[in-house]
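The numbers here are math on the coordinates, done by the rules we state, and not lab data. Source: prediction; values computed, not measured. All Cβ positions, even for glycine, are placed from backbone atoms using ideal geometry, and neighbour counts span all protein chains on display.
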Amino acid sequence: GAAKGGSGKKVTYSCCVCGEETKGETTHCASCQDSAIKCAVCRITVRGTFVWCQGCGHGGHLQHMQSWFSRYSLCPTGCGHTCVFPGFLPSENSP
């Protein structure tokens, strides 16, 4: 799912399956009942520590995102965004 929000604003989620925004405090989609938070790397529902890019809203499991961004700078979803995660430094071989 893509997390949306900004400084001082409430975060909402868009469902990975149908694209509908979640309602209220939940991270489950009211339309399709699937979890709105899936890891952009492994595509499995995230339970626990979740990190996301504030530019494109995609994210995932902390360890998977750290591993991805230690090698690449482009978002693992293929959206084309160059994500910035302080402390996750891509190598010189990144696409």
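Packing-based ranking of 66-74, 41-49, 54-62 yields 54-62, 66-74, 41-49, ordered from highest to lowest mean Cβ neighbour count within 10 Å.
Here is the tail figure for region 42-87: Cα pairs spaced more than 13 Å apart come to 48 percent of all pairs.
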